[in-house]
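Following: one structure in C-alpha cells, then a few remarks.
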Amino acid sequence: MKLRSVHALLTSASLALVLGAAPALANKPCIGASLPITGPTAWAADSIRMGAEVAIAEINAKGGVLGQRLSFVAYDDAGQPPRGVDNARRIAESDGCIAMFGGWHSGVALAVVEPVHDARIPYIAVISAGTRITENDRKPNYMFRVSMFDRWQALALVRKSKEVTKTGNIGVLYEDTGWGQGAVPDLKASASAESAKIVGFEVFKWDDRDMTAQLIRLRDAKVDTIILYSRDLEANQILRSMQRINYSARIVSAWGNTGTLGELAGPLANGMIVLQTFTWAGDLRPQQKRVLDSIMSRYKLKSPDDIKHGSGAANAYDAVYILAEAIRTAGAYDRTRVRDALYKVTHEGIVQRYAPAFTPERHNAILPENYVWTAWHNGRILPIAQTPYGK
Amino acid sequence: MKPNRFTAGVALPAVVFAVVLVAIPELVSNSFQLRAVMLFLIYALVALGLNLLVGLVSLVSLGQAGLYALGAYTVAILATQTGAGFVLAMMGAIAVTAAAGVALSYPTVRVRGVYLAVVTIAFGLIVQNVAIDWRTLTGGTLGISNVPRIDLGTGPLSTTGLYGLIAAITFVGFVLHHNLMHSRIGRAMRAVAQSETASRALGIDPTRQRVLAFVLSSVFAGIAGGLYAYLNRYVNPDTFSFSDSIRFLLMVILGGSGTTFGPLIGAGILTWIPNLLQAFGKWQLFVYGALLASVIFFLPKGIAGSARDLWLRWRVGRNQSVRQADAWPKPSPGVDALLGVRATVRGPVLQTRDLTIRFGGLSAVSGVTVDIERATVHAIIGPNGAGKTTLLNALSGFYAPTEGRVTLLQDEVGGRSSVQIARGGLTRTFQNTELFPEMTVEENVRVAFHARSRCGFLSTVLRLPAFHAEERLQRERAALLLDYVGLAAYRDETAANLAFGHQRRLEIARALALSPEILLLDEPAAGLTHAEIDELIALIRDLKRLGVTVVLVEHHVDMIMSVSDHVTVLDYGEVIASGAPSAVREDPRVIEAYFGAGTVPTGAHA
Amino acid sequence: MTAFVQYTLSGLVIGGLYAIVALGFYIMWSAVRAVNFAHGDTLMLGSVLAIALMWAGVPLLVGIPLAIAASAGFGLLIERIAVRPLNHGPSSVGWMLSTIAIGLMLEAFVTITFGADPRSLPSPLMGAPISIAGAGIFPHELLVPVAAVALLALLDWFYRATMLGRAMRAIAQKPVAAGLMGIDVRRMALISFAAASALGAFAGILAAPIIQVSATMGLLLGLKGFLVAIIAGMSNARGIVITGFAYGVLERFIEGFGNTSLREVLGFGVMILLLLMFPNGLFGQREVNKV
C-alpha cells in the first residue's frame, strides 16, 4: 500500500515534470534561489539560507504577505552557469515564484541575466558583487542587488590603500574567476579617479598552493599595500608565501575570505583588513541581536563565527524584507508590479536603512557609506574598531 | 534476416523520435521545460559524436568539453564581434572544430588507450584556460554576453523556432550517426578497433579511420557548442570544465556505447537527472554518484547495450534450431566469377631478391631470393625460428625489408605498407587467427569489401541509391563466400563464438573477399583435425584451379607434400633448398636442418 | 638568483606531491592495468579522517596511522567492487567511470558531514620558515621531496627484496604466466590497491598542513599526479618521481617568468608534446606489437 502510493507519487511527479504543471500566470508566494548547495562553496549557500529562512519565518509568523505565507525554494547550481540558467527558468516558469535570489558565483549570476529578463522575474543578488550583474544595459532591468557592489567596493579599497600605503605603491592580487577578473576594470578606474598608483596586477587560480612568484614581483615593485580578492584557502596560501619570502605588506581585502581563514592562518592573518557589508561580531543593535539569536538557535550554531559568510546572511535577511515590502506596495503577487514597487520600498534593515531601497539608476541597495571595515585579529574577524588596526 | 535488426532496423524508431520531437512543443507548458529539452538535444549531439569515437574506433576522449567550448566560443565571437549570421558562424565553428579534430587525432597514430585519454584531458584543460585568459577575445571568466538571437532572414527566432532548428539539426545528426554506424565505414572503424592487424591485411588504413572518427566527433561537438551559444546567449569558461568532459563520456557509456540510441538515452538521463535530484538538496551530488555507480555495475554495457544483449539472447533462445556447418569448399559459378583470377602480367607474381630483415643486429631473414609463380601453391617450411613468419610479414608489408627487393605483380613494393599491398592484390591469414571477434560472421566478411568499395562518404551517410546497390551486391557476395566455406548457417553468429576450425574457415573466407591474386596462409592447419585438414587441402586445390596463387607456411609435412607445387626451405633465415616437393624431401641439408641427421621427415608433424 | 632558488624549492615541494600521488597510480597500474581514477580522493580521505580523529580527541600519533589504515581499507573496497568487476582488457573504461562515481559520492559525503570550507591540520614544522640561499621554505615542506625519494627507495626495496614484491613484479610483467605459476593475482591486486590508497592517505596527511584540508583538495593533485605518471611512462617508478619533480619545478618557473594561466596552458602543452615524442612515456618501455 505504502509502496504503491510512493510509486504513484513518483509517477505523477515525473509526469508533472515532463508535461508541466499549470501555466504560471499568477505568481506564487515563493522566493526561489539558485545557490551552490553542493561543491567547494557550499558554505556560501548555507549562509544565504540562514538569513533568508529566518526572515521568512518571522514574516510568516506575523501572517505572511498579503495574507499568504512566503516560502523559500533553493536549487543547486554547483557554480555551473547552465545549471543556474535551468534553475532560473524553473523558478520563474515551473514554480512561478515572485522573485529569485542568487548565490556566490558571478559567472552564474551573469548567465541568468538572459532567462531573468525572458521571464521578467526580479532577481536579487545577495552575495555576488560583480559589477556587470546589475550594470547590464537591459531596460527595464530586472537584476537587483542587496550586497556589495564591486564598483563601489573597488573605490573603497583603493581609497583605503592610498591611506595606508607609505611608499605609494599599491599592488593587486586577485583570483582568476569571474569575480576577480571583473574587478580589474573597476580598480583601474578607481585608481585613476583617486590618482592612486597601482604598480602591479597579479593573478592566481583557485586551489593554487604557492603564490611566491606573484609576491616576489610585487615585492620587487616596492609594493607595501596589497588589494586582495580571494577565498580563505588562497588568502592563507598568500600569507604563507609572504612569510616564506619574508615580505610584509598591508593587505586591504575584498570580502571573499571571512570564513575559516582565522583557523588556517591564525595570527598570521593579523592586520588583514576586509571590507564587508555587515559583521555579526560587533556590538549589535537589539534588532540585529535578535536576528543573530534566531539564526544561532535555528541552526544550532555555537558562535557567530559559524556563519561563514556573515554579510551574505545579513544581506539575504534584508533582501527578504525589502521584497516583502515591495509585494505589499504592489498589492499583488505580480512580478512586474513587484519590480516597479522595489523602487518605492523604505525599510529599516539590519545592514542599513533603505530609503528607498532602489532607484531606476541605482540597483544596488547597500550604499558604500554603510560598508564596514573589519579586520582579522588572532583568529577572529572583528569590526576594525575592536582591533588594534582601527586607528 | 538481418544480423542485428535491433539497431539496424532504425526506420520505425527514427520516425518515433521525429514524431516526439515534433510533438514536444505541444507537450511542454513553459520555456523551462522546452529549454531543458533543447539542452538535452545539444548534449545528445555531443554524445552521438563521441559515440563514433568510443563505440566504433574504441578511443576514449576526455576532452570533449574542449571541442564543445571551441564551437561555442567560435560562434559567440563571430556573432558578437563580426556580426556573422547563423550559417556563417556555424560554418566557422565547424571549421575550427574539424581542424582541432585533425590535430587531436594525430596523436592516435602513436598513442592510444589511457595515454590518449591523457592527451585529450590536457587538450580540454588548455582550451578552458585559454578561454579564461585570452580576455580580449573571450572576455575571460566574465565570458561573452548578448550573443544575438538567430535570424534566418525572417526576424529573430522565437523560442519555439529555436527549438525547431535545434531539433532538426540533432535529428539529422542522429540519422547520419546511424547511417555511418551501419555502413561499410562503420564496419571498417569497428574492425580497426577489434584487430588493427587484420584490418591492415584487408587494406583498411587504421589511421584514416581514426582521423575520420575524431574529426566527425569533433564537428558534432562543435555544432552542439555553437547551438549552446545561441540557446544561452552567454558563454563563459565554467561551462566547459573537465567534469563536463566526463559527463559527456558518461552519457555514451550509460546509454550504451556503439548503439544507435544509447547516446540519446544517456544524454536524456544525465540532462534530466540533476533537475530531479534537486529534491535531495545537499545530498544530490551523492545520489548522482550512487546512481552512476549502480548503472555501471548493473548495466556495464549501458542501457541500450544491455537491452540489445537481452533481445539477442531472447532471439537466440527462440530459434534454437541445430545449425551445422556444411562441407567445404563448395564451388559454385558465383564463387568462380568472384574469385577467378585473370592473368594481367606474365612471369612470377611475387619475387624477392636478396631480401634481408634485421632486428637490431639480428638477421631474421637474410638474402632470400624466391620466385613465386602464378596459380601455384608455394610452401615455405623450416624449423621453428627459421624466419618463415618474418618472411611472410615482409611479403605482406608488415615489416619493411632492411635490404633487398620485393616485387608484387612486377611492381616494386618493398617498403610499402600492408594496406597498400593488400589493395594491390595480396592478402593473408594469421598464425593465431585474427578475426574481428565482436562482429558477426557476415560482417567479418563484409569488412573485407571496404577497400574496393566505390560508394563515397557522402552517398554512404546520406544513403543514396549507390549505397543501397552496393550493400545488396556485397551482401550477395558475402553469402556466396560463406556458402563456399560452408558457414552459411552461422551468418549471424558472433565470430568469437565460432568453434576453432570454423574461425579458420571464416578467416580464409574474409581474405578471399578481397578477391586476392595471392593469398598467404600462415600455418592454416595448426590445431585442425585430420578431416579438417583434408578439407583445407581441397580448398587450396580449388583456389589453385581458380588461378589464385597460394603461399603456405606450414609444419604439416604430409599436407605440404600433397598440395605444393614448389617448396622453399628456410633455416636460420636463409634458403637452404628450393624446388619440387620430392626433390626438397631428399635434400640432405633439409634432413640435417630438421633432424640433425638420419631419418627422412615423414611423420604427420615435422 | 634568490628567485631561482625559491622557484626550484617550491617546485620540488609541489613536484614531490605529484610524485607521491603518481607512485600510487603506478602501484595500481602495475597490478591490474587499471587505476582508481579518484585516487586524489584518498588524499582527502586520509587527511579528513586524521582531522576528524584529532577533533575527537585522539592524539595525532594514533590518529594518523588509523586514518591511513582506514584509507587502505577504502582501497581494498575500490578494487573489489569498482575495478575488478569492470576491468576487461585494455579498451575497457568501466573502471574509470565506476571509480569516478565513487569519488563523487565520497566528495559529496565529506562536503556534507565535514563541511565545504577548508580546515587545517597543524604541524609544528609550519611555524617559521627557514632560509636556504636567501629563499624561504617551511621545514615541513622539505619533508615532501624527502618523503617522495624515501618512498621510492622503499618501493624499490619492496619490489626487489621481498617475496610479495617479486610476485607483484612478476604480475606486472607477465600476468598470465604469473597466474600459472601459482601467484594469486587477485590477492596481489587487492594488496596493491590497499597500498596505493595508504600511500595516497599518507600523501594527503603530509600535504595537509601545506595545502589545507577540504573535500575537493585531492581533485587537482589527483589529476596532475595521473598526468605525471602517464608522461613518465606507467612502468618506471624512478622515472615517475623524476618527472613529478621536473613538472613541479617547470610549473613554478612558468609562474615565475610568466603567469598562472600560462602555467596550465604551457604545462599541459608540454605534456602533449612529450607524449607525441615518447608515446610510451619518457621512461616507459616500448610495448612490442607482435604480428
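The values are calculated or read from the model by the stated rules, or taken from the named source; none is laboratory data. Source: prediction; values computed, not measured. Virtual Cβ from ideal backbone geometry, glycine too; neighbours counted across all protein chains shown. Each accessible area value is taken on the protein alone, full model and side chains, heavy atoms only, with ligands, DNA and RNA left out. Shrake-Rupley method; radii C 1.70, N 1.55, O 1.52, S 1.80 Å.
Within region B:303-353, how many residues are of a type in the set (Asp, Glu) and either touching a residue at least 12 places away in the same chain (Cβ under 8 Å) or not in a helix (DSSP H, G or I) (or both)?
Counting residues in region B:303-353 that are of a type in the set (Asp, Glu) and either touching a residue at least 12 places away in the same chain (Cβ under 8 Å) or not in a helix (DSSP H, G or I) (or both) gives 2.
Only residues that are under 21 Å from the mean Cα position of the chain (by Cα) and charged (D, E, K, R): list them for region C:162-176, please.
The answer is C:Arg169, and nothing else.
If C:Met234 satisfies every condition in (1) at pLDDT 90 or above; (2) facing another protein chain (nearest Cβ under 9 Å); (3) under 15 Å from the mean Cα position of the chain (by Cα) but one, which is the exception?
(1)
Which members of region B:364-378 meet the condition of being of a type in the set (Gly, Ala, Ser) and within 12 Å of B:Leu519 (Cα to Cα)?
B:Ala375
Would you mind finding the one in B:Arg505, B:Arg510 that is open to solvent by 10 Å² or more (accessible area, probe 1.4 Å) and in contact (Cβ under 8 Å) with a residue 40 or more places away in the chain?
B:Arg505
Would you check if C:Ser214 is among the polar types (S, T, N, Q), open to solvent by less than 50 Å² (accessible area, probe 1.4 Å) and in contact with a Phe, Trp or Tyr (Cβ under 7 Å, 6 or more places away or on another chain)?
The answer is no for C:Ser214.
Is there any pair with a first residue in region A:106-135 that is assigned by TED's automatic domain parsing to the domain that holds A:Ala52 and basic (Lys, Arg) and a second that is open to solvent by 10 Å² or more (accessible area, probe 1.4 Å) and part of a loop (DSSP other than H, G, I, E, B) whose Cβ atoms are under 8 Å apart and which are 6 or more apart or on different chains, and what are they?
What qualifies is A:Arg132/B:Ser145.
Would you confirm, using the coordinates I've provided, whether B:Leu254 is open to solvent by less than 50 Å² (accessible area, probe 1.4 Å), more than 14 Å from chain C (Cβ to nearest Cβ) and in a helix (DSSP H, G or I)?
no
Can you name every one of the strands (runs of 3 or more DSSP E) wholly within region A:55-147 that holds 3 or more residues which are more than 14 Å from chain B (Cβ to nearest Cβ)?
Qualifying strands (runs of 3 or more DSSP E): A:97-102, A:123-125.
Output the strands (runs of 3 or more DSSP E) that fall wholly within region B:497-591 and possess 2 or more residues being among the β-branched types (Val, Ile, Thr), or say none.
Those strands (runs of 3 or more DSSP E) span B:549-553, B:566-571, B:574-579.
Output yes when any residue across region A:295-311 is in contact with a strand residue (DSSP E or B) (Cβ under 6 Å, 6 or more places away or on another chain), surrounded by 19 or more Cβ atoms within 10 Å (Cβ to Cβ) and within 14 Å of chain C (Cβ to nearest Cβ), and no when none is.
The answer is no; no qualifying residue exists.
The conditions are (1) closer than 18 Å to A:Trp152 by Cβ; (2) without any contact (Cβ under 8 Å) to a residue 40 or more places away in the chain; (3) among the acidic types (Asp, Glu); (4) in contact with a strand residue (DSSP E or B) (Cβ under 9 Å, 6 or more places away or on another chain), and A:Glu369 fails exactly one of them. Which is it?
Just one mismatch for A:Glu369, condition (4).
Out of everything in region B:101-150 that is open to solvent by 30 Å² or more (accessible area, probe 1.4 Å) and part of a loop (DSSP other than H, G, I, E, B), what residue ends up being nearest to the other protein chains (Cβ to nearest Cβ)?
Restricting to residues being open to solvent by 30 Å² or more (accessible area, probe 1.4 Å) and part of a loop (DSSP other than H, G, I, E, B), the top hit is B:Arg110.
Looking only at residues in region C:72-91 that are facing another protein chain (nearest Cβ under 9 Å) and open to solvent by less than 20 Å² (accessible area, probe 1.4 Å), which one is modelled with the lowest pLDDT?
Checked region C:72-91; the qualifying residue modelled with the lowest pLDDT is C:Leu86.
Quick check on this structure: which one of A:Lys344, A:Lys289 is farther than 28 Å from A:Pro388 by Cα and open to solvent by 30 Å² or more (accessible area, probe 1.4 Å)?
A:Lys344
Condition first: open to solvent by 50 Å² or more (accessible area, probe 1.4 Å) and modelled with pLDDT under 85. Can you find one or more residues in region B:365-374 that meet it?
Within region B:365-374, not a single residue is open to solvent by 50 Å² or more (accessible area, probe 1.4 Å) and modelled with pLDDT under 85.
Select, from B:Arg233, B:Arg210, the only residue that is of a type in the set (D, E, K, R) and within 28 Å of the chain's Cα centre (by Cα).
B:Arg210
Checking B:Leu45 against (1) open to solvent by 10 Å² or more (accessible area, probe 1.4 Å); (2) more than 12 Å from every other protein chain (Cβ to nearest Cβ); (3) more than 26 Å from B:Arg135 (Cβ to Cβ), only one condition comes out false. Which one?
(1)
Restricting to region B:354-376, name every residue that is in a loop (DSSP other than H, G, I, E, B), under 20 Å from B:Ile421 (Cα atoms) and not polar (S, T, N, Q).
Result: B:Glu373, B:Arg374, B:Ala375.
For region C:139-185, how many residues are surrounded by 13 or more Cβ atoms within 10 Å (Cβ to Cβ) and of a type in the set (Lys, Arg)?
Of the residues in that region, 2 qualify.
Hey, can you tell me all the residues within region A:327-356 that are polar (S, T, N, Q) and either outside the structural domain of A:Ile31 (by TED's automatic domain parsing) or in a helix (DSSP H, G or I) (or both)?
Correct list: A:Thr329, A:Thr336.
Only residues that are open to solvent by 60 Å² or more (accessible area, probe 1.4 Å) and either at pLDDT below 85 or assigned to a loop (DSSP other than H, G, I, E, B) (or both): list them for region A:22-47, please.
The answer is A:Ala22, A:Pro23, A:Leu25, A:Ala26.
So B:Val295 passes all but one of these: (1) modelled with pLDDT under 85; (2) open to solvent by 60 Å² or more (accessible area, probe 1.4 Å); (3) within 14 Å of another protein chain (Cβ to nearest Cβ). Which condition number does it fail?
All conditions pass for B:Val295, except number (2).
Of all residues in region A:87-107, count the ones that are open to solvent by 10 Å² or more (accessible area, probe 1.4 Å) and not polar (S, T, N, Q).
Counting residues in region A:87-107 that are open to solvent by 10 Å² or more (accessible area, probe 1.4 Å) and not polar (S, T, N, Q) gives 6.
Within region A:184-214, count every residue that is assigned to a helix (DSSP H, G or I), open to solvent by 20 Å² or more (accessible area, probe 1.4 Å) and over 14 Å from A:Tyr174 (Cα atoms).
Here the count works out to 3.
Could you please let me know if B:Val215 is under 22 Å from B:Leu104 (Cα atoms) and not acidic (Asp, Glu)?
Answer is yes for this residue.
Consider A:Trp179 against the criteria (1) assigned to a helix (DSSP H, G or I); (2) of a type in the set (A, V, I, L, M, F, W, C); (3) in contact with a Leu (Cβ under 9 Å, 6 or more places away or on another chain): it satisfies all of them except one. Which criterion is unmet?
(3)
Search region A:117-133 for residues being buried (at least 24 other Cβ atoms within 10 Å of the Cβ) and at pLDDT below 95, and hand back the single one that is nearest to A:Ile56 (Cα to Cα).
Taking the candidates together, the pick is A:Ile127.
When only residues in region B:257-285 that are open to solvent by 30 Å² or more (accessible area, probe 1.4 Å), more than 13 Å from chain C (Cβ to nearest Cβ) and in contact (Cβ under 8 Å) with a residue 12 or more places away in the chain count, which is farthest from A:Gln80 (Cα to Cα)?
B:Phe261
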